[in-house]
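**Q** Please read through the structure below; I'll follow up with questions.
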Amino acid sequence: MAEGARRHGAGARASHLVNGHLAVHEALEGRLADLTGRPRALLFSTGYMANLGVLQALCDEETRVFQDRLNHASLIDGARLAGARSRRFHHADLADLDRLLERSATGALRLVVSDGVFSMDGDIADIPGLATTARRHGAWLMIDDAHGLGVLGERGDGSVGHTHGMDEVPVLVGTLSKALGTAGAFVAGSEALVEHLVQFARPYIYTTAQPPGVAAATLAALEILPPSRNAAPGCTR
């Protein structure tokens with residue numbers, strides 16, 4: 001972090017779209033895309049802002065959002081601020097989610113949203129079950145893997161990562177402030193998704209970019225992420 005600050009300055013001085021996007025940010029986005037098995041990743045200053053940015057950019061008043069009852073507050077707030085029509089299904093209850101999706105109006109975008117690892121209880125979402133249920137109803141799936149990244153997966157790529165590709169989880173959010181020990185967040189997905197967020201996610205467009213020292217420290221953390229410690233003892237999917 002100190003080396004990054006000495007080389008690039010204490011702050012990025014502007015938003016990514018003005019002149020705050022530096023080479024160290026570009027390198028980190030590439031590394032995070034590679035870690036999660038996605039074509040692109042996009043940095044946000046905090047996890048809260050990442051979730052608000054995604055939901056604001058993808059949703060409007062006609063969108064139906066279906067959330068696990070134990071989702072993080074940023075996911076709940078993001079749907080509310082976007083004006084989307086939200087329903088919350090019973091925690092980890094795929095049958096309840098299926099029922100709510102079955103009763104929802106067709107024709108509008110439908111988005112299923114869940115934590116990957118639930119921070120208060122530590123249980124892991126049934127990603128394959130969520131993906132199958134969402135796909136059956138023509139809905140997208142968004143997973144916030146803040147507490148799985150760096151802990152689960154063969155590469156430390158979390159509860160989603162390379163195990164569940166974009167066909168299953170089109171929208172993947174991760175944070176850098178938990179297992180990686182720095183600060184900030186990212187969204188990983190297709191070229192089209194990330195480019196849409198660049199153009200329409202207000203928390204990305206109108207915020208000063210992550211301090212370059214933090215980005216440099218995160219790159220260093222990713223380099224020392226040891227494969228032998230990626231699996232959390234006692235955790236099952």
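The values are calculated or read from the model by the stated rules, or taken from the named source; none is laboratory data. This one's a predicted model, so the numbers in the text were calculated from it and none came from an experiment. As a convention, Cβ positions derive from the backbone with ideal geometry for all residues, glycine included, and neighbour counts pool all protein chains shown.
**Q** Are any residues in the stretch 112-122 part of a loop (DSSP other than H, G, I, E, B) and modelled with pLDDT of 95 or more, and if so, which ones? Spell out the reasoning first.
**A** At the first step, the residues of the stretch 112-122 found to be part of a loop (DSSP other than H, G, I, E, B) are 116, 118-122.
Those that are part of a loop (DSSP other than H, G, I, E, B) and modelled with pLDDT of 95 or more: Gly116, Phe118.
**Q** If you go through the stretch 126-165, how many residues are touching a Pro at 6+ places or on another chain (Cβ under 8 Å) and in a loop (DSSP other than H, G, I, E, B)? Don't jump to the end; show me each part of the working.
**A** Step one: filter the stretch 126-165 for residues touching a Pro at 6+ places or on another chain (Cβ under 8 Å), giving 140-142, 154-156, 164.
Those left that are additionally in a loop (DSSP other than H, G, I, E, B): 154-156, 164.
Matching residues across the stretch 126-165 total 4.
A quick yes/no check of all residues on (1) crowded, with 21+ Cβ neighbours inside 10 Å; (2) under 24 Å from Ala5 (Cα atoms); (3) at pLDDT below 95; (4) not hydrophobic (A, V, I, L, M, F, W, C):
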residue: Gly37; (1), (2), (3), (4): no, no, no, yes
residue: Leu42; (1), (2), (3), (4): yes, yes, no, no
residue: Gly53; (1), (2), (3), (4): yes, no, no, yes
residue: Ala57; (1), (2), (3), (4): yes, no, no, no
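**Q** Still on this structure, I have one more. Check Leu225, Leu172 and return the single one that is at pLDDT below 95 and within 28 Å of His8 (Cβ to Cβ). Walk me through it before giving the result.
**A** Working: Leu172 fails: at pLDDT below 95.
The conditions single out Leu225.
**Q** May I ask you to verify whether Arg99 is surrounded by fewer than 18 Cβ atoms within 10 Å (Cβ to Cβ), without any contact (Cβ under 8 Å) to a residue 24 or more places away in the chain and touching a strand residue (DSSP E or B) at 6+ places or on another chain (Cβ under 6 Å)? Walk me through how you get there before you give the answer.
**A** Details: surrounded by fewer than 18 Cβ atoms within 10 Å (Cβ to Cβ): yes; without any contact (Cβ under 8 Å) to a residue 24 or more places away in the chain: yes; touching a strand residue (DSSP E or B) at 6+ places or on another chain (Cβ under 6 Å): no.
Taking the combined requirement at face value, the residue does not satisfy it.
**Q** If only one of Ala41, Ala27 is under 24 Å from Asp145 (Cα atoms) and in a helix (DSSP H, G or I), which one is it? First the steps, then the outcome.
**A** Numbers: Ala41 fails: in a helix (DSSP H, G or I).
So the residue among Ala41, Ala27 that is under 24 Å from Asp145 (Cα atoms) and in a helix (DSSP H, G or I) is Ala27.
**Q** Among the numbered conditions (1) over 20 Å from Tyr48 (Cβ atoms); (2) touching a Ser or Thr at 6+ places or on another chain (Cβ under 9 Å); (3) at pLDDT 95 or above, tell me where Ala134 comes up short.
**A** (2)
Conditions tested, residue by residue: (1) closer than 29 Å to Leu225 by Cα; (2) surrounded by fewer than 16 Cβ atoms within 10 Å (Cβ to Cβ).
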position: Thr106; (1), (2): no, yes
position: Arg110; (1), (2): no, no
position: Thr163; (1), (2): yes, no
position: Gly174; (1), (2): yes, no
position: Lys178; (1), (2): yes, no
position: Ala183; (1), (2): yes, no
position: Val187; (1), (2): yes, no
position: Glu195; (1), (2): yes, yes
position: Tyr204; (1), (2): yes, no
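**Q** Which is buried (at least 22 other Cβ atoms within 10 Å of the Cβ) and among the small types (Gly, Ala, Ser), of Ser159, Ser119? Talk me through it step by step, then tell me what you get.
**A** On the way: Ser119 fails: buried (at least 22 other Cβ atoms within 10 Å of the Cβ).
On inspection, the qualifying residue turns out to be Ser159.
**Q** What are the residues in the stretch 174-192 that are over 16 Å from Leu52 (Cβ atoms) and outside any loop (DSSP other than H, G, I, E, B), if any?
**A** Ala188, Gly189, Glu191, Ala192
**Q** If you go through the stretch 57-72 one residue at a time, how many are under 15 Å from the mean Cα position of the chain (by Cα) and either assigned to a loop (DSSP other than H, G, I, E, B) or more than 23 Å from Thr133 (Cα to Cα) (or both)?
**A** The number of residues fulfilling the criteria is 3.
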